[in-house]
Amino acid sequence: SKGSPESKPAPTSKSPPPSKSPAASQAAAASKPSAAWRNPWLVVVLLALGLAAWQWIETRQKLTDTQQELARRLADNDSVGAEVRGLARQSQEQVAGVLGRLGALEAKIAESQSQQAALEQLYQNLASNRDEWVLAEVEQGVTLAAQQLQLAGNVQGAMLALQAADARLAGSDRPQFISLRKVLAGDLDRLRALPQIDTAGMSLRLESVINAIDTLPLAVEGRPQAGEAAPAVAADASAEAPAAASSPSPSIASVEFWQRLVSIELWQRLAGEFWSEVKSLVRIQRFDRDEPALLAPGQAFFLRENLKLRLLNARLALLARDQWTFLNEVQHAQAWIDRYFDADAAAQQTAQLALKQLAATEINIEMPTLNESLSAIKTFKLGQERK
């Protein structure tokens with residue numbers, strides 16, 4: 001039965017494996033190296049693989065260095081190429097600009113040639129057409145008047161040119177020119193309404209002030225003139241000499257002497273002479289402005305020359321109708337004359353009066369245009385051509 005102890009199998013005892021003998025172990029150890037040397041190609045292959053790996057690594061490193069160097073040189077080449085491209089682009093732009101200017105000059109030359117040819121043709125046609133000839137003269141006169149106004153501000157010259165154009169139209173005695181004469185009359189009325197500027201007269205006044213600069217006395221040079229006191233004593237001596245010569249006796253002369261000595265007129269004359277002498281020694285002058293600066297002789301020379309330069313600049317500004325520059329220079333000249341020169345001198349007062357009048361004059365006048373007259377002439381010419 002299963003529960004009986006007799007039914008259990010008997011335990012089996014495992015015997016240890018038999019141990020190898022020392023001789024067998026030595027034989028096995030000797031057989032291992034002999035197996036490795038038995039296949040030398042394996043060693044060669046391993047060495048070859050190691051050498052190949054080392055060469056691959058070295059080649060890879062060199063390739064990396066070469067790539068980096070190549071990239072650096074490519075970057076340098078790119079920067080140089082960018083500069084070259086920029087210079088080339090700039091050169092192309094300059095060439096294009098030069099070509100453009102050359103083309104513009106050629107166009108202007110062609111335009112001038114065409115205008116010259118047109119003018120020649122116009123002159124030829126005007127020779128056979130009296131009305132066109134008159135219109136050309138009138139247009140030339142109006143153009144001249146416009147140039148006088150815009151370039152030189154010469155109102156009188158512009159009025160003379162317009163009056164000549166109107167006289168030319170009136171001389172032709174053609175009814176179709178009445179409308180043109182009305183337009184010219186309107187422009188003439190506008191020019192007559194402008195304030196008149198005597199440019200030549202103002203320039204001459206500036207020149208007179210410039211010439212008077214060297215004669216203006218400085219404020220620190222004012223001194224009393226010698227010889228102001230009347231030589232009353234000499235006159236008395238000369239008057240008394242004949243009296244003494246004609247005196248009949250010393251007693252009579254002594255009586256007259258004491259009478260003259262106690263006379264009031266003598267003491268008044270002596271007091272006047274004494275006061276004249278005192279005034280010649282001391283001078284009291286009142287300045288209603290700041291005390292004038294002391295100037296050395298060299299500084300006085302440069303002061304006068306700089307003052308002349310300012311007045312010359314004012315003269316140029318007058319001719320150019322530059323109101324700001326003209327007024328600025330004249331005012332500076334007034335300030336210098338008032339500060340450094342004697343205000344009581346007649347020459348200084350005359351110069352200041354002239355400069356004051358010049359500074360109060362308006363020289364920058366807005367000139368009207370003659371576009372209406374020019375447009376009317378062109379419109380009339382187009383109407384004549386269409387006929």
Net length gained if the chain between THR59 and GLN268 were fully extended (0.36 nm per residue, minus Cα distance) | 61.8 nm
Could you give the nm distance between label points at ALA107 and LEU316, where each point is 7 Å from its Cα heading toward the beta carbon?
-> 3.7
Take ASP338, ASP344 and order them by how many other Cβ atoms sit within 10 Å, fewest up front.
-> ASP344, ASP338
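Go ahead and run the numbers for FRET between SER276 and LEU151, Cβ-Cβ distance against an R0 of 56 Å, rounding to 0.05.
On the way: r = 65 Å, r/R0 = 1.15.
Efficiency for this residue pair is about 0.30.
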Between ASN306 and GLN349, what is the spin-label point distance in nm, taking each point 7 Å from the Cα along the Cα→C-beta axis?
-> 2.8
Using a simple spin-label model with points 7 Å from Cα along the Cα→Cβ vector, what separation in nm is obtained for THR361 and LYS381?
-> 3.8
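Only the coordinates and a few stated rules stand behind these numbers; no lab work does. This one's a predicted model, so the numbers in the text were calculated from it and none came from an experiment. Reconstructed Cβ throughout: ideal geometry from the backbone, glycine too, with neighbour counts over all protein chains shown.
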